[in-house]
Amino acid sequence: MGTNQVREALWSTLATVVLALRFIATIGSVLLVLFWIIAAVRDSLLNGWLWWALGAVLLLVVTTYLYSVLRVRYPTNSERWEP
């Protein structure tokens, strides 16, 4: 196996992990922000759900940045059409 193949295998593995985390963070962000809003209406803005919601949003921002770095550094070599 050549160096290029190893690099592509590592990129694929890392991109898969980052995309899985992004998917979980997206769903988690939506749900946790909704829970925080409901709790804020019932009690106060500084409730327990706030920190979980901020953590999920932060994870979404970090994984989005990591994926964009991966896409720029290791672009796809496929011949498919991409806009």
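The values are calculated or read from the model by the stated rules, or taken from the named source; none is laboratory data. As the structure is a prediction and not an experimental result, all values here were calculated from the model. Note: ideal-geometry Cβ built from the backbone for every residue, glycine included; neighbour counts use all protein chains shown.
Overview of values
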read-out	value
Failed item, numbered, when T63 is tested on (1) in a helix (DSSP H, G or I); (2) out of contact with any helix residue (DSSP H, G or I) (no Cβ under 8 Å at 6 or more places or on another chain)	(2)
Those residues of the range 1-16 which are touching a helix residue (DSSP H, G or I) at 6+ places or on another chain (Cβ under 9 Å) and surrounded by 12 or more Cβ atoms within 10 Å (Cβ to Cβ), in sequence order	W11, L14, A15
Residues satisfying the stated conditions in the range 28-72, i.e. free of Cβ contacts under 8 Å to residues at least 24 places away in the same chain and within 10 Å of the chain's Cα centre (by Cα)	L58, V61, V62, Y65
Out of S78, S44, sole residue that is outside any helix (DSSP H, G or I), among the hydroxyl-bearing types (S, T, Y) and at pLDDT 90 or above	S44
